[in-house]
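J.: Sharing a structure with you now.
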Amino acid sequence: MEVVTTTNGMELVYQKPSTLTDTPFHYCPGCGHGVVHKLLMEVVEEMGIQEQTIGIAPVGCSVFAYNYMNVDMQEAAHGRAAAVATGVKRVFPDKYVFSYQGDGDLAAIGTGETIHTANRGENILVVFINNAIYGMTGGQMAPTTLLGMVTSTTPFGRQQAVMGFPLKITDLIAQLPGAYYVTRQAVHTTNAVRKTKKALRLALEYQPRKKGICFVEVVSNCPSGWKMTPVEANAWMEKNMFPMYPLGDLKVPQ
Amino acid sequence: MNQKKEPPRLMKGNEALAEAALRAGLQAYFGYPITPQSEILEYLTEHGAKRGAVVLQAESELAAINMVYGAAGAGARAMTSSSSPGISLMQEGLSYMTSAQLPCLVVNVSRGGPGLGTIQPAQSDYFQATKGGGHGDYHLIVLAPSSVQEMADFVFDAFRLSEKYRNPAMILADGALGQMMEKVSLPAEGSLPPGDKPWATVGKPASRERNIITSLFIEPERMEEVNLHLQKKYHEIQQEVRYEEIETNDAEILLVAFGLAARIAQKAVELAREKGIKAGLLRPITLYPFPSQIISSLSRKVISFLVVEMNAGQMVEDVRLAVAGGRPVAFKGRMGGMIPSPEEVLEEIESIAESYRIPAV
Amino acid sequence: MIRGTIAVAEELCKGCELCIGSCPQESIGLSEKINIKGYRFVMLVQENCTGCTNCALVCPEAAITVYRQKKTPVKREPALAEA
């Protein structure tokens, strides 16, 4: 960050990273996607790897991620970002490849790709935004929707007898030998944001070691889908999401 | 494409195709086992790495085509192969690749269907291949080999055309062509240099804007622009039409058949000629673009058409469109992986000749 | 007391209020005015900002730029006095 002093002699200490484009985010007010986009691009800027980074956008709220992330990117079919990322990484084994996916993309339609990409130990970063709902399509149930949680397709709350259990996909990934670094973070407080940024940084720093997949889940909010204000959504998340999706590292390099 | 060729050797169709792909500068192959084409995957897993190609067996054909998408989007000469059921799983990916304008080669060593079907050869994927089995207005460039030699040669053509037009190309073969062994003289290595792909996602240097490979165009005005561009491309692709004419100059009964069925039809033409019936064969080599013009012009000279296919009648529709009612278009087909015999086809020719009382010469 | 300030890109702010809760100084509040998208954007409502960047960290729109007073090198008592 070059030091730009303002008129009253103050030093610039924080600004939007240059690796984000000028396009305003389309996300709903208070949505965690915007924070994670910002953090990921801050790390890309700080590591100076913009010219070697290729990102894969999913289908979901972040389908337009390539409008905001100023790196070469590809748009994957729904659920297939991990396979597309594999195709890119196999062609460019020494470049930084990440796939950025939501819970429907990664843990419903794309479960097969997610598990096999991890099982191959593909040397990519998977950023997994878990807000337990299908945001883009208007708030339907996701595989990570909590029991009893109301969504547009679980109007009476998710019932295990009918729709099964919330899928703790990250825990599955952590069991695979191909997983090198697996962590679950959040971006609802300043401390959580700092930890998520550190996790993203570690994950990208690990990539050249070619020791396997780095998987960063970010438990996030969906004010519109959950029908709450952003502040209420973050409080609700702490109370209800964290018990099911506890934050912390699930697997760290030995 | 007349590349320098080596002296012929005996090879299985699938392996000749895989070896030709490596010689054509294949950089990335993602496949999945399915009879009758697994040898392509096997050959490439054995020889690909040492010849500079990344080769990976994916967890499904669905994953494979999306890996091809990623590799092609990164600028690599990419390919996959499968057989009918697997190709069905790839339709969504192919639709995405046409909209994102990504070149690649997809090989369908087709088998009897529908459903799990059988592993015997068939041609019942013609509609899927030429009319677009996925969603949206798009086409694949489709080449139909009818020999092991063409299984090898058409790989070069498919890569060249797919990169020239930035559109996936398909080789529509079948289980027999894949499994049988024939003499083949393989095209020389390196006769198809890699093209320049400024649009590929290789990592954004400071000197340019970021490259985006996408098939998402949310504003309808933009989506229509993309479609108009694609249609213009498909119009230009018509010039790439290829076909073979066998004894068509004086033919009164003109057979139309592609791939394996064309070999059988050719034998039937011989048998008919021996009986004094003037039969001929028009063999489409490109199924898209379809050789409508030559069929239309030949229709002025012939008395009747006989389309021979290993399906319930698919290409016959395109022949009828080309003939536009000018002449009768009969159809002879076998389904479910059954292969018609030349004699069966000869019977059809004779009954057509009979019905028009064409005097045997 | 370190003095700092923030600059909010008013057209990017969607009034989600997450920064308001994150500010230890309670310096931020919603403005009475709305931006072109109809959101009440945030602004400094008190002059006690210390430039700690909390607000910018949690902002989902990357809309906040933070400045902080330069640490002027002051002659100090022996190191013991340092906090």
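J.: Going through segment B:181-201 one residue at a time, which ones are in a loop (DSSP other than H, G, I, E, B) and open to solvent by 50 Å² or more (accessible area, probe 1.4 Å)? Spell out the reasoning first.
T.: As a first pass, look at segment B:181-201 and keep what is in a loop (DSSP other than H, G, I, E, B): B:185-186, B:188-201.
Correct list: B:E189, B:G190, B:P193, B:P194, B:D196, B:P198.
J.: Name the single residue that is least open to solvent (accessible area, probe 1.4 Å) among those in segment C:1-14 being facing chain A (nearest Cβ under 9 Å), in contact (Cβ under 8 Å) with a residue 60 or more places away in the chain and among the hydrophobic types (A, V, I, L, M, F, W, C).
T.: C:I6
J.: Okay, moving on. Please verify whether segment A:31-49 includes one or more residues that are facing chain B (nearest Cβ under 10 Å) and more than 15 Å from the chain's Cα centre (by Cα). Give the steps one after another, and end with the answer.
T.: In the first step, residues of segment A:31-49 are kept if they are facing chain B (nearest Cβ under 10 Å); the result is A:49.
Cutting the leftovers down to more than 15 Å from the chain's Cα centre (by Cα) gives us A:49.
Yes; the residues of segment A:31-49 include at least one that is facing chain B (nearest Cβ under 10 Å) and more than 15 Å from the chain's Cα centre (by Cα).
J.: Being within 11 Å of chain A (Cβ to nearest Cβ) and either among the aromatic types (F, W, Y) or within 16 Å of the chain's Cα centre (by Cα) (or both) is the filter here, so list the residues in segment C:15-40 that pass it.
T.: Scanning segment C:15-40 gives C:G15, C:C16, C:E17, C:L18, C:C19, C:I20, C:G21, C:S22, C:C23, C:P24, C:Y39.
J.: Return the residues of segment B:208-224 that are over 17 Å from B:N167 (Cα atoms) and not in a helix (DSSP H, G or I); say none if nothing qualifies.
T.: B:R208, B:E209, B:R210, B:N211, B:F217, B:I218, B:E219
J.: What is the residue count in segment A:177-219 for residues that are among the aliphatic types (A, V, I, L, M) and open to solvent by 30 Å² or more (accessible area, probe 1.4 Å)?
T.: So the count comes out to 1.
J.: Moving on to the next point. Note down all Cβ pairs under 9 Å where the first residue falls in segment A:14-30 and is under 19 Å from A:T190 (Cβ atoms) and at the interface with chain C (Cβ under 7 Å from one of its Cβ atoms), the second is loosely packed, with under 15 Cβ neighbours inside 10 Å and of a type in the set (V, I, T), and they're at least six residues apart or on different chains.
T.: Within 9 Å, the pairs are A:Q15/A:V4.
J.: Would you confirm, using the coordinates I've provided, whether B:D137 is open to solvent by 30 Å² or more (accessible area, probe 1.4 Å), touching a residue at least 40 places away in the same chain (Cβ under 8 Å) and of a type in the set (D, E)?
T.: On the way: open to solvent by 30 Å² or more (accessible area, probe 1.4 Å): yes; touching a residue at least 40 places away in the same chain (Cβ under 8 Å): yes; of a type in the set (D, E): yes.
The answer is yes for B:D137.
J.: Please count how many residues of segment A:161-218 are in a loop (DSSP other than H, G, I, E, B) and within 14 Å of chain C (Cβ to nearest Cβ).
T.: Start the filter on segment A:161-218 by keeping residues that are in a loop (DSSP other than H, G, I, E, B), which leaves A:164-168, A:176-178, A:187-189, A:210-212.
After this cut, where a residue has to be within 14 Å of chain C (Cβ to nearest Cβ) as well, the list is A:187-189.
Result for segment A:161-218: 3.
J.: Can you give me the number of residues within segment A:54-81 that are part of a helix (DSSP H, G or I), more than 14 Å from B:G73 (Cα to Cα), more than 7 Å from chain B (Cβ to nearest Cβ) and under 16 Å from the mean Cα position of the chain (by Cα)?
T.: Of the residues in segment A:54-81, 5 are part of a helix (DSSP H, G or I), more than 14 Å from B:G73 (Cα to Cα), more than 7 Å from chain B (Cβ to nearest Cβ) and under 16 Å from the mean Cα position of the chain (by Cα).
J.: Find the strands (runs of 3 or more DSSP E) located wholly in segment B:277-361 whose residues include 1 or more that are hydroxyl-bearing (S, T, Y) and in contact with a Phe, Trp or Tyr (Cβ under 6 Å, 6 or more places away or on another chain), and list them. Give the steps one after another, and end with the answer.
T.: Numbers: elements: B:279-284, B:286-288, B:304-309, B:329-333.
Per the criteria, no element qualifies.
J.: Among the residues of segment A:225-243, which ones are part of a helix (DSSP H, G or I) and over 17 Å from the mean Cα position of the chain (by Cα)? Before the answer, list the steps.
T.: So in segment A:225-243, the residues part of a helix (DSSP H, G or I) come out as A:225-226, A:230-243.
The answer is A:G225, A:W226, A:P230, A:V231, A:E232, A:A233, A:A235, A:W236, A:E238, A:K239, A:N240, A:P243.
J.: How about segment C:30-52: which of its residues are among the polar types (S, T, N, Q) and in contact with a Lys or Arg (Cβ under 8 Å, 6 or more places away or on another chain)? Give the derivation first.
T.: Keep residues of segment C:30-52 that are among the polar types (S, T, N, Q), which gives C:31, C:35, C:46, C:48, C:50.
Across segment C:30-52, the qualifying residues are C:S31, C:T50.
J.: Quick test for you: out of B:P145, B:P114, pick the one residue that is within 25 Å of B:G333 (Cβ to Cβ) and either touching a residue at least 24 places away in the same chain (Cβ under 8 Å) or touching a Pro at 6+ places or on another chain (Cβ under 6 Å) (or both).
T.: Sole residue among the options that is within 25 Å of B:G333 (Cβ to Cβ) and either touching a residue at least 24 places away in the same chain (Cβ under 8 Å) or touching a Pro at 6+ places or on another chain (Cβ under 6 Å) (or both): B:P145.
J.: Only one residue in B:L260, B:L271, B:L255 is touching a residue at least 24 places away in the same chain (Cβ under 8 Å) and not in a helix (DSSP H, G or I), so which one is that?
T.: Working: B:L260 fails: not in a helix (DSSP H, G or I); B:L271 fails: not in a helix (DSSP H, G or I).
Testing whether each residue is touching a residue at least 24 places away in the same chain (Cβ under 8 Å) and not in a helix (DSSP H, G or I) leaves just B:L255.
J.: Right, next: State whether the residues of segment B:69-85 include one that is facing another protein chain (nearest Cβ under 7 Å), touching a strand residue (DSSP E or B) at 6+ places or on another chain (Cβ under 6 Å), at pLDDT 95 or above and within 20 Å of B:H135 (Cβ to Cβ).
T.: Of segment B:69-85, the ones facing another protein chain (nearest Cβ under 7 Å) are B:69-71, B:73-74, B:76.
Next cut, touching a strand residue (DSSP E or B) at 6+ places or on another chain (Cβ under 6 Å) only: B:71, B:73, B:76.
Subset that is at pLDDT 95 or above: B:71, B:73, B:76.
Cutting the leftovers down to within 20 Å of B:H135 (Cβ to Cβ) gives us B:73.
Yes, segment B:69-85 contains a residue that is facing another protein chain (nearest Cβ under 7 Å), touching a strand residue (DSSP E or B) at 6+ places or on another chain (Cβ under 6 Å), at pLDDT 95 or above and within 20 Å of B:H135 (Cβ to Cβ).
J.: Answer yes if at least one residue in segment A:91-111 is within 9 Å of another protein chain (Cβ to nearest Cβ), touching an Asp or Glu at 6+ places or on another chain (Cβ under 8 Å) and either small (G, A, S) or without any contact (Cβ under 8 Å) to a residue 12 or more places away in the chain (or both), and no otherwise.
T.: Looking for residues that are within 9 Å of another protein chain (Cβ to nearest Cβ), touching an Asp or Glu at 6+ places or on another chain (Cβ under 8 Å) and either small (G, A, S) or without any contact (Cβ under 8 Å) to a residue 12 or more places away in the chain (or both), one finds none in segment A:91-111, hence no.
J.: List the pairs whose first member sits in segment C:15-31 and is farther than 18 Å from A:N191 by Cβ and outside any loop (DSSP other than H, G, I, E, B), whose second member is of a type in the set (D, E) and open to solvent by 20 Å² or more (accessible area, probe 1.4 Å), and whose Cβ atoms are under 8 Å apart, counting only residues at least 6 apart or on separate chains?
T.: C:L30/C:E17; C:S31/C:E10
The values are calculated or read from the model by the stated rules, or taken from the named source; none is laboratory data. Predicted model only: the values in this text are computed from it and were never measured. In this analysis, Cβ positions are derived from the backbone assuming ideal geometry, glycine residues included, and neighbour counts consider all displayed protein chains. Side chains are part of the model used for accessible areas, which takes the heavy atoms of the whole protein and leaves out ligands, DNA and RNA. Shrake-Rupley method; radii C 1.70, N 1.55, O 1.52, S 1.80 Å.
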